[in-house]
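K.L.:
My structure is below; once you've seen it, I'll send some questions.
The values are calculated or read from the model by the stated rules, or taken from the named source; none is laboratory data. What you see is a predicted model, and the numbers here were worked out from it, not measured in a lab. When we count neighbours, we look across all protein chains shown, and the Cβ atoms used for this are built from the backbone with ideal geometry, even at glycine.
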Amino acid sequence: MQSDHPRMNLLFTVSALDLPDCYIAAGFIRNMVWDYLHGFSCTPLSDVDVIYFSQAVVNEQVILARLSKAHPDINWQVKNQAYMHIRNGDQPYLNSVHAMEYWPEIETAIGVRLSRQGELVFVSPFDLSTIFDGFITHNKKRSQSIFIKRIEQKQWLKIWPKLEVKF
């Protein structure tokens, strides 16, 4: 991650927002690992997922505007995990990592941020050894049909053909 200057620039930009319990998550890290496993230099990111957790109302349009101004070429996605349980039909989440426990694939449930000292901080509710073994693993907290639909829609097996699906 530290040698990936474009990703590090995005981390610095998100860090400057100073959002609570905030990470860049999902494909930002997952795709980088899968690219490495396949010997690819860097597949394009379709979006960059910024997650945070705040009970206070935060104007996400303002956040999106700041991110887009800094990096207009990025398709930013910003989601307050304090309220995502409503959309997903779950009990309230306790924090961003707890929210990731409900994401459809285990390998997607990983986030990174910069500490105040500028160090990379990675978080996940799961043992992520499977991401380095080339798996896409179904999270039993979500339906298998959602999991399969995401694999098909995102074309992961076409982009990274060495991946293996685990149920």
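K.L.:
Do you know which residues across the stretch 17-60 are without any contact (Cβ under 8 Å) to a residue 12 or more places away in the chain and more than 18 Å from I131 (Cα to Cα)?
P.N.:
If the condition is that a residue be without any contact (Cβ under 8 Å) to a residue 12 or more places away in the chain and more than 18 Å from I131 (Cα to Cα), then D18, P44, A56, V57, N59 are the ones that fit.
K.L.:
If L64 satisfies every condition in (1) within 30 Å of D133 (Cβ to Cβ); (2) among the aliphatic types (A, V, I, L, M); (3) without any contact (Cβ under 8 Å) to a residue 24 or more places away in the chain but one, which is the exception?
P.N.:
(1)
K.L.:
Could you say which residue among A56, A99 is surrounded by 19 or more Cβ atoms within 10 Å (Cβ to Cβ) and under 24 Å from L11 (Cβ atoms)?
P.N.:
A99
K.L.:
Could you list, in sequence order, all residues of the stretch 108-139 that are outside any strand (DSSP E or B) and more than 24 Å from V165 (Cβ to Cβ)? Before the answer, list the steps.
P.N.:
Of the stretch 108-139, the ones outside any strand (DSSP E or B) are 108-110, 115-119, 124-134, 139.
Listed by number, the residues that qualify are S115, R116, Q117, G118, E119.
K.L.:
Could you please give the count of residues in the stretch 5-44 that are in a loop (DSSP other than H, G, I, E, B) and either among the hydroxyl-bearing types (S, T, Y) or under 22 Å from Q81 (Cα atoms) (or both)?
P.N.:
Filtering the stretch 5-44 down to residues in a loop (DSSP other than H, G, I, E, B) leaves 18-22, 26, 39-44.
In the following step, the residues that additionally are either among the hydroxyl-bearing types (S, T, Y) or under 22 Å from Q81 (Cα atoms) (or both) were identified as 18-22, 26, 41, 43.
Counting residues in the stretch 5-44 that are in a loop (DSSP other than H, G, I, E, B) and either among the hydroxyl-bearing types (S, T, Y) or under 22 Å from Q81 (Cα atoms) (or both) gives 8.
K.L.:
For the stretch 24-53: of the residues being surrounded by fewer than 16 Cβ atoms within 10 Å (Cβ to Cβ) and at pLDDT below 95, which is farthest from W160 (Cα to Cα)?
P.N.:
S46
K.L.:
Residue check: is I136 touching an Asp or Glu at 6+ places or on another chain (Cβ under 8 Å) and more than 24 Å from F53 (Cβ to Cβ)?
P.N.:
yes
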